[in-house]
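Structure record follows, encoded as structure tokens.
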Amino acid sequence: MLDIDRVTARFGAKTALDDLSLRVEDGEVVSVLGASGSGKSTLLRVVAGLQRTDAGRVTLDGQDLGPVPPHRRGIGLVFQDHALFHHRDVAANVAFGLRMRGDAPDRIAGRVGDLLELVGLPGFERRSVATLSGGEQQRVALARALAPEPRILLLDEPLGSLDRPLRERLLADLDTLFTEIDLTALYVTHDHAEAFRLGDRIALIRAGRIAQTGTPDELWTHPADEDVALFLGQSVLDGRAYRPEAISVRGAVEGEPADGVVESAVRHGPMVRLVIRLDDGARLAAAVTAIDHPSAGDRVNLAIDPDGVVEVG
Amino acid sequence: MDAGRHSLTARAWTLVAYGVPLAFLSVFFVFPLATIVARGLGSSGGESALGLLTDPLTRDVLWFTTWLAAASTVLTIAVALPASYVLGRYAFRGRTLVLALVTVPFVLPTVVVALAFLAILPRGLDRGPIAILIAHAFFNVAVVVRIVGTFWAGLDRRTSEAAATLGAGPRQRLLHVTLPLLAPALSAAAAIVFLFSFTSFGVIVILGGQRYSTLEVEIYNQAVRSFDLHAAAILSLVQLGCVALTVMVAMRLERRLGVRGQLRSERDVIRRPETAREKALVAGSLGALALFLGLPLAAVVERSVTTGPGHSLDAFRALTRPTSTLLVTPWEAIGNSIVYAAIATSIALLVGGLAAFALASGQGNRAFDGMLMLPLGASAVMLGFGFVIAFDEGWRDFRSAPWIVPVVQALVAIPFVVRIVTPTLRAIDQRQREAAALLGADPRRVRREIDLPIAARALAVAAGFAFAISLGEFGATVFLARPDHPTLPVAIFRFLGRPGALNVAQAYALAVILMVVTTASILLVERFGRRRSGWF
């Protein structure tokens, strides 16, 4: 179990982590979701031992990591832009951690083969890192971090630099992989889809603090405050958060009064996201599945499922 | 406890990285120079320091030295840039050979090169500033081509391509993208060329004649001809001051201009020339350079077979016979040179390599950085002379110790090693080290697994330079080489001082052999460097 206990990290006058606490149970994948500059990368660097802290402590399975240098922590990190060793081939990159702990060459070769198989790059051993595509490089980086069987794997926006279809595919692969090998991991991202897809739990980070943690469902149904609700894409009116799918939309009958006007209607896969401007000028987001949905400019009436509304802050 | 041991080894490493170079330079650089200065200032008689400094003659010499060095630097860069570009951007057969051959002029004894230019330049041009400038460019082209060309080959093509998509034409790309990126390499090369031209000796003595004198020549004249140690010491201090100033400016430039980033591997950057224009560019640049460097060298070869009215190989045949000029056969001089140069290279790589690691890991150690550059500017004559008077008595009478020659040669080579290796180490992406650490590599292991392999190519280039410089080193070696253990340049010098066509031809024959040995050794190192960088 990783326990980050009231950690503060400052860069000069700027506080990157502000009395932050977070726990990751064994076998659990926690997504750290936050905007850029929220301190999420710093959090990973603190856990990895690459970043000095000003207060608080980090323990792993009860061991205080404070005095342990990075190379003795047994923590894996997948860097945002891979940080592969360009002076080595694929196999040597993956084998690096195994060599560091003194594994025998034949065991290393076997394990490297297994890992490349696991990340979907069988037979890539002798390839030069520079000749790989972005996705392949990320897979090598993942294999390299997993090879020495880290106690916990940290991933810093690993899919950030990849194009969307590739990201989707790698996301699916990561999801399978995390389930398969029973990994304990901390996954940092600014992308909601990635965070919700991979995290058993999600930790929302904001200005160096954890705003809320919970399972994806908990987060969605009970946002801790107005900012969290807005960040997740819900609407907030008069201290209450409205989930888009709890709002049903009907076209108003010509000549009769209506609740509001549709401002925009945008399809996201199976759902259509509507933004409705109410008579008092406030806006509500709604999500509908109907093919026959209202379009921009239509006057509509709303029905709101009370289960989809919670008090926030 | 774990952490305690960890920081202890880190501290021990820092101590070694700083301590070894500092100790080496203190004993073998600062001490001899201090001895000269102390002895010079201590001796009575002669002009007062102020009188000498305000003497219009001194001012003229200083001015001439400075503008000559500046003009030499500009000319050298202008001559070297086309070839640097071609080597930094294109792959072609014989690329390694070109890099090796371009280095040959750099290590030839100055006396030989000066004589070669005397032979090929038309009357009227053969003595004076123009001849000196051309000879300086001939010498130093290698410095620019190797430093800038190698660095260029590590610059991502895509940066320039990105500029092209933003509407930058070829000229704008050169001006706003390529040159700024090259700036660290260019300024490093320019600083070295400037210092070399500033302290050039053999070329000036022969091509400058009686009318033109630089600081270095004045120091020699005062110390050896007039035996005025006082004046020599003061001029040495002036020269050291100028050198220190240059080094400071160069360092500030390098720091300001340096861009941290991942250097690409050469293999991803260079490609074969495709269009007819590109091919013409490669052929033209290299052809022009070959002509510029080849003609004087050809003159040297021609002279080695000119033993009388006709041509013969008599001079080469005579090399196996003992001669009264050397006490030993000229062949033995070749062996001496190679052994001395190999030891000097090892010392320079060790001391300079450690210093480069210290510089790359420490933040802003300017005094240390500057101290490492100073041997570049201390004249070889001064160094050799300093060794003779500093290590002359009691337990520190090292004058005839067999290691003294390699040590003084290493001293001359160390600044090169530092200047070549440090930028590469500084350019290593910190995240690579972090990644290695997280995979279980302790700091020492990180240096061995990340820094060293990435620096290997730079170290190989540095080794080539160090070896070549040691082979050709003359000014200091001539003071220290034992009469029965001459090096090649010393042997050449002695032959040139003897009358008779055969003696002169033997000098040139040895110069030819020096050229061959240098070329072979540089080729070997390049090959080695290539294999190590097979990882790239």
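Throughout, read-outs are computed from the coordinates displayed, never taken from laboratory work. Because the structure is a prediction, the values reported are computed rather than measured. Using ideal geometry, Cβ is built from the backbone for each residue, glycine included, and neighbour counts are taken over all protein chains shown.
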FRET efficiency, residue A:305 to residue A:169 (Cβ-Cβ, R0 30 Å, nearest 0.05):
0.25
Could you calculate the FRET efficiency of residue A:193 with residue A:250 from 1/(1 + (r/R0)^6), where r is the beta carbon distance between them and R0 is 51 Å, rounded to 0.05?
0.95
Options B:245, B:132, B:65, ranked by Cα towards positive dipole end of the protein assembly as shown, top entry (Cβ charges)
B:132
In whole angstrom, how far apart do the alpha carbon centroids of segment A:255-291 and segment B:129-162 sit?
65
Spin-label model distance (nm) - residue B:119 vs residue B:393, 7 Å beyond Cα toward Cβ
4.7
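For chain B, what is the mean residue ellipticity at 222 nm derived from helices alone (per DSSP H run of n ≥ 4: -39500 (n - 2.57); sum divided by total residues; nearest 500 deg cm²/dmol)? Display every interim value, and only then the final one.
Values: 27 runs with 390 residues, N = 536.
Taking each H run of at least 4 residues, the total per residue is -23500 deg cm²/dmol.
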Cα lying deepest toward the dipole's positive end in the protein assembly as shown, options B:375, A:264, B:12, charges on Cβ
B:375
Out of A:90, A:170, A:11 - ranked by how far each Cα lies towards the positive end of the dipole of chain A, with unit charges on the beta-carbon of charged residues - the top one is A:90
Once R0 is set to 51 Å, what does the formula 1/(1 + (r/R0)^6) return for the Cβ-Cβ distance between residue B:168 and residue A:279, expressed as a FRET efficiency to the nearest 0.05?
0.40
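Please identify the DSSP H helices in chain A that span no less than 15 Å along the helix axis (Cα) and have a mean Kyte-Doolittle hydropathy of 1.0 or more. Could the numbers behind the result be given before it?
Details: long enough: A:90-100 (16 Å, 1.26); A:105-118 (19 Å, 0.00); A:134-146 (18 Å, -0.24); A:164-180 (24 Å, -0.41).
The qualifying helices are A:90-100.
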Quick one: what are the phi-derived ³J(HN,Hα) couplings along segment B:154-160, Karplus 6.51/-1.76/1.60 with θ = phi - 60°, whole Hz, x for glycine and proline?
x, 8, 4, 4, 5, 4, 5
With the 8 Å Cα cutoff and a minimum separation of six or more residues, segment A:234-311 has a relative contact order in percent of 42
Per the rule of 0.36 nm per residue minus the C-alpha distance, extending residue B:179 to residue B:67 adds in nm 37.9 nm
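Starting from 0.36 nm per residue, how many nanometres of slack lie between residue A:295 and residue A:126 once their C-alpha separation is accounted for?
Gain on stretching residue A:295 to residue A:126: 55.3 nm.
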Beta bridges per DSSP with both ends in the protein assembly as shown, % antiparallel, nearest 5:
75
From Cα pairs below 8 angstrom and at least 6 apart in sequence, can you work out the relative contact order of segment A:2-221, rounded to a whole percent?
31
For segment B:101-159, what's the relative contact order in percent, using C-alpha pairs closer than 8 Å and at least 6 residues apart?
45
Alpha-carbon centroid distance for the pair segment B:55-74 / segment B:462-479, whole angstrom
26
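Within chain B, which is the longest segment that contains none of the GluC sites (Glu not before Pro) sitting in a DSSP loop with at most 12 other Cβ atoms within 10 Å? Before the final figure, lay out each step's value.
Values: sites that count: B:274, B:393.
The longest such stretch corresponds to B:1-273.
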Distance in nm between label sites at residue A:209 and residue B:271, each 7 Å beyond Cα in the beta-carbon direction?
5.4
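How much mean residue ellipticity at 222 nm does chain A get from its helices, if each DSSP H run of length 4 or more adds -39500 (n - 2.57) and you divide by all residues, to the nearest 500 deg cm²/dmol?
Details: 8 runs with 84 residues, N = 313.
Helix contribution divided over all residues of chain A: -8000 deg cm²/dmol.
Would you mind counting up the charge near residue A:176? Only other residues with Cβ under 12 Å from its Cβ, with Lys and Arg at +1 and Asp and Glu at -1. Display every interim value, and only then the final one.
Details: positive: A:169, A:197; negative: A:173, A:175, A:180.
Here the charged neighbours net out to -1.
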If exposed means no more than 13 neighbouring beta carbons inside 10 Å and the site is in a DSSP loop, what's the longest run of chain B without any exposed trypsin sites (Lys or Arg not before Pro)?
B:261-536
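According to the Cα gyration tensor, what semi-axes, each the square root of 5 times an eigenvalue, does the equivalent ellipsoid of the protein assembly as shown have, listed from largest to smallest in whole Å? Kindly include the intermediate steps, with their values, before the conclusion.
On the way: eigenvalues 914, 165, 135 Å².
They are 68, 29, 26 Å, listed largest first.
With +1 on the Cβ of every Lys and Arg and -1 on the Cβ of every Asp and Glu, and nothing else charged, how large is the dipole of the protein assembly as shown about its Cα centre, in debye rounded to the nearest 20? Write out the running numbers ahead of the final one.
Numbers: 83 positive and 78 negative charges, 852 e Å.
Computed about the Cα centre, the dipole is about 4100 debye.
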